[in-house]
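The values are calculated or read from the model by the stated rules, or taken from the named source; none is laboratory data. Since the structure is predicted, the reported quantities are computational estimates derived from the model, not experimental observations. Here the Cβ is made from the backbone with ideal geometry for all residues, glycine too, and neighbour counts use every protein chain on show.
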Amino acid sequence: MNSRRRQTVPSLAALFIGLAVLLGAHQLLAWLTRNEPRRPPTHIYGVFYIGDVDGVDHWSAPPRWRVDPDVRRDWPRASFGFRLQREGGFMIDTFSGQVTKDLGQDPDTTIALVIDERELDWIYELALASRFYEVLEPHPPYDARGLAGEQAGIGRHSSVTLTVRFGEREKTLQWDSGMRVGPKYIEHWRCLWWVAELMYDAVVFRPEYRALPEGRPYGIL
């Protein structure tokens with residue numbers, strides 16, 4: 001009897017130790033996942049441009065550079081925020097903490113959705129590293145050939161407006177997602193599309209946004 005008790009006690013102790021190890025490993029994995037450096041997207045997915053660029057890989061993310069202290073002084077993190085709007089009704093407005101989903105032929109829906117400071121930090125750092133502040137306003141020059149999207153049978157083009165605030169400075173860009181662009185200013189365009197997609201992704205994968213109805217799509221004009 002005593003022998004059985006002596007065998008049972010170590011077995012229970014081993015069980016508790018094993019559970020503690022598993023729990024600790026789970027917590028460690030969760031901590032590492034939360035604190036693992038995020039990898040910026042390596043491609044542009046064409047959310048805000050539906051054309052192509054002759055002879056240029058325009059879908060790769062722009063290069064990222066070391067950010068000088070002078071740049072941070074001129075384009076400060078204080079009050080950093082943005083308003084991204086697309087013709088039809090879609091809007092992300094960090095200044096008001098609201099997001100509007102374009103529901104096509106149905107009435108648009110606006111909800112309260114706040115992008116947290118950690119996410120804004122990430123977008124800010126990548127905007128500076130990709131030299132977003134150098135992008136020409138109100139947009140880099142278009143190609144002289146005009147519209148690309150519908151002429152190629154790709155889909156509906158739209159006007160996009162992006163206003164970004166750095167401290168007391170604001171940078172506003174407006175472009176048409178269907179206008180052809182040429183290789184001469186492709187680095188400006190790639191930076192603009194990429195940063196806009198960072199902002200877009202900060203919202204559209206959130207459960208609050210994904211819970212919104214789809215709506216009836218527009219027809220191709």
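Restricting attention to segment 62-87, report how many residues are closer than 17 Å to TYR133 by Cβ and either in a loop (DSSP other than H, G, I, E, B) or acidic (Asp, Glu) (or both).
15
Please work out which residue is farthest from GLU214 (Cα to Cα), limiting yourself to segment 90-103 and to residues that are touching a residue at least 12 places away in the same chain (Cβ under 8 Å) and surrounded by fewer than 15 Cβ atoms within 10 Å (Cβ to Cβ).
Result: PHE95.
Residue check, GLY178 against (1) under 16 Å from TYR45 (Cα atoms); (2) surrounded by 17 or more Cβ atoms within 10 Å (Cβ to Cβ); (3) modelled with pLDDT of 90 or more, all met but one. Which one?
Condition (3) is where GLY178 drops out.
Residues VAL114, VAL56, VAL47: which one is of a type outside the set (Asp, Glu), part of a loop (DSSP other than H, G, I, E, B) and loosely packed, with under 15 Cβ neighbours inside 10 Å?
Working: VAL56 fails: loosely packed, with under 15 Cβ neighbours inside 10 Å; VAL47 fails: loosely packed, with under 15 Cβ neighbours inside 10 Å.
Matching residue, one of VAL114, VAL56, VAL47: VAL114.
Which condition does ILE154 not pass, out of (1) of a type in the set (Val, Ile, Thr); (2) modelled with pLDDT under 95; (3) under 20 Å from ASP93 (Cβ atoms), if it passes all the others?
Checking ILE154 against (1) of a type in the set (Val, Ile, Thr); (2) modelled with pLDDT under 95; (3) under 20 Å from ASP93 (Cβ atoms), the one that fails is (3).
So VAL203 clears everything in (1) crowded, with 16+ Cβ neighbours inside 10 Å; (2) in a helix (DSSP H, G or I); (3) at pLDDT below 95 except one condition, right? Which one?
(3)
Determine whether segment 121-133 contains at least one residue that is of a type outside the set (D, E, K, R), exposed (fewer than 15 other Cβ atoms within 10 Å of the Cβ), free of Cβ contacts under 8 Å to residues at least 60 places away in the same chain and under 22 Å from LYS171 (Cβ atoms).
no
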